[in-house]
Amino acid sequence: MNYRQPTLLDRDALIDYMGEHYDNGEKSIQASNMLPVMKYEDWIDKLLNDSTVGDKDWGLSETYLAIVNNKIIGLLNVRYTLSLEMADMYGHIGIGVRPSERRKGYAKKMLEHGLHLCRDRGLDEVILGC
């Protein structure tokens, strides 16, 4: 599995990813960091800001695409500087997996990657959002 941050070129693939969730009857998309309610270009700008300056409520965070065979399998959101209250409510790590790819071990691999990113940032303890 490969991980990278979304770009403007991922728009159609992410629309397809969201569509699968909605076609599956899901009303929200985990770890999407507001994607369904934002203009795509604004969302990309938000992700850049979140990873450099930080959001006033969520602090510094990064959103990654989890990709296998050029297909988006899921979204991984890692929040590095949450308040304790926000961490207790939402967790430092959020994971969403495409409905057709669930129960294949992808979430476990995404969690391992998220934990690695947190360790690299000096976090000794994290809370997983489920």
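None of the figures in this text is laboratory data; all of them are computed from the coordinates on show. These figures come from a predicted structure and were not determined experimentally. Positions of Cβ are generated from backbone atoms using ideal geometry, with glycine treated the same way; all protein chains shown enter the neighbour counts.
Couple of notes before you dig in:
- Considering residues of the range 21-43 that are of a type in the set (A, V, I, L, M) and in contact with a helix residue (DSSP H, G or I) (Cβ under 8 Å, 6 or more places away or on another chain) only, the residue nearest to Arg102 (Cα to Cα): Ile29
- Test: residue in the range 111-130 that is under 24 Å from Arg11 (Cβ atoms) and hydrophobic (A, V, I, L, M, F, W, C): no
- In the range 6-30, the residues that are surrounded by 13 or more Cβ atoms within 10 Å (Cβ to Cβ) and not in a helix (DSSP H, G or I): Pro6, Glu26, Ile29, Gln30
- Positions within the range 1-27 being under 13 Å from the mean Cα position of the chain (by Cα) and of a type in the set (S, T, N, Q), in sequence order: Gln5
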